[in-house]
1. Would you mind checking the tilt of helix 52-71 against the longest principal axis of the Cα atoms of the chain, expressed as 0 to 90 degrees and rounded to 10?
2. Write down, largest first, the equivalent ellipsoid semi-axes of the chain in whole Å, where each equals the square root of 5 times an eigenvalue of the alpha-carbon gyration tensor.
3. Between helix 22-34 and the chain, what is the angle of the helix's C-alpha long axis to the longest principal axis, kept within 0 to 90° and rounded to the nearest 10?
4. Determine the share of the chain's accessible area contributed by carbon and sulfur atoms, expressed in whole percent, with a 1.4 angstrom probe.
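The values are calculated or read from the model by the stated rules, or taken from the named source; none is laboratory data. Every value quoted in this text rests on a predicted model; they were computed, and no experiment measured them. SASA here: full protein model, heavy atoms, side chains in, ligands and nucleic acids out. Shrake-Rupley method; radii C 1.70, N 1.55, O 1.52, S 1.80 Å.
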Amino acid sequence: MVTISVMIATPRGARILAHSLEREAALAGESILRNLELCALPTALWIQCADLAVALRLTGYLNGVQEEMIAA
(Lines give C-alpha, C1' and ligand atoms only; values in the text may rest on other atoms or scores of the structure.)
Protein backbone atom coordinates (compact mmCIF):
# COMPACT_ATOMS: atom_id res chain seq x y z
CA MET A 1 0.00 0.00 0.00
CA VAL A 2 1.35 3.39 -1.03
CA THR A 3 1.02 6.38 1.28
CA ILE A 4 0.60 9.65 -0.55
CA SER A 5 1.02 12.97 1.20
CA VAL A 6 -0.23 16.15 -0.47
CA MET A 7 0.43 19.63 0.91
CA ILE A 8 -1.29 22.62 -0.67
CA ALA A 9 -0.49 26.21 0.31
CA THR A 10 -3.62 28.27 0.92
CA PRO A 11 -4.12 31.84 2.15
CA ARG A 12 -5.20 30.39 5.51
CA GLY A 13 -2.22 28.05 5.82
CA ALA A 14 -1.09 24.74 4.47
CA ARG A 15 -3.56 21.90 3.96
CA ILE A 16 -2.02 18.46 4.40
CA LEU A 17 -3.73 15.33 3.09
CA ALA A 18 -2.75 11.70 3.39
CA HIS A 19 -4.27 8.96 1.26
CA SER A 20 -3.41 5.43 0.28
CA LEU A 21 -5.02 5.63 -3.16
CA GLU A 22 -3.90 7.94 -5.96
CA ARG A 23 -7.46 8.70 -7.04
CA GLU A 24 -8.49 9.73 -3.51
CA ALA A 25 -5.48 12.02 -3.22
CA ALA A 26 -6.27 13.59 -6.59
CA LEU A 27 -9.93 14.20 -5.76
CA ALA A 28 -9.17 15.64 -2.32
CA GLY A 29 -6.47 17.92 -3.72
CA GLU A 30 -8.74 19.08 -6.53
CA SER A 31 -11.50 19.84 -4.04
CA ILE A 32 -9.20 22.10 -2.04
CA LEU A 33 -7.96 23.89 -5.15
CA ARG A 34 -11.47 24.46 -6.52
CA ASN A 35 -12.51 26.08 -3.24
CA LEU A 36 -9.70 28.64 -3.35
CA GLU A 37 -10.24 32.17 -4.60
CA LEU A 38 -8.84 32.70 -8.09
CA CYS A 39 -6.54 35.42 -6.76
CA ALA A 40 -4.75 32.73 -4.68
CA LEU A 41 -3.80 30.76 -7.80
CA PRO A 42 -1.43 29.41 -8.79
CA THR A 43 -0.52 28.09 -5.39
CA ALA A 44 2.34 25.89 -4.29
CA LEU A 45 1.76 22.20 -3.82
CA TRP A 46 3.99 19.32 -2.79
CA ILE A 47 3.44 15.62 -3.32
CA GLN A 48 5.41 13.08 -1.33
CA CYS A 49 5.18 9.42 -2.26
CA ALA A 50 7.57 6.49 -2.46
CA ASP A 51 6.34 5.84 -6.01
CA LEU A 52 7.84 8.59 -8.20
CA ALA A 53 5.42 7.91 -11.06
CA VAL A 54 2.44 8.50 -8.76
CA ALA A 55 3.98 11.71 -7.42
CA LEU A 56 4.61 13.02 -10.93
CA ARG A 57 1.10 12.16 -12.13
CA LEU A 58 -0.51 13.88 -9.15
CA THR A 59 1.69 16.94 -9.52
CA GLY A 60 0.79 17.21 -13.19
CA TYR A 61 -2.90 16.67 -12.53
CA LEU A 62 -3.18 19.22 -9.73
CA ASN A 63 -1.14 21.79 -11.66
CA GLY A 64 -3.47 21.18 -14.61
CA VAL A 65 -6.49 21.87 -12.40
CA GLN A 66 -4.93 25.19 -11.42
CA GLU A 67 -4.20 26.09 -15.04
CA GLU A 68 -7.77 25.25 -16.02
CA MET A 69 -9.16 27.43 -13.24
CA ILE A 70 -6.91 30.37 -14.11
CA ALA A 71 -7.79 30.17 -17.82
CA ALA A 72 -11.55 30.07 -17.17
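1. Helix 52-71 and the main axis of the chain meet at about 10 degrees.
2. 21, 13, 9
3. 10 degrees
4. Answer for the chain: carbon and sulfur cover 57 percent of the accessible area.
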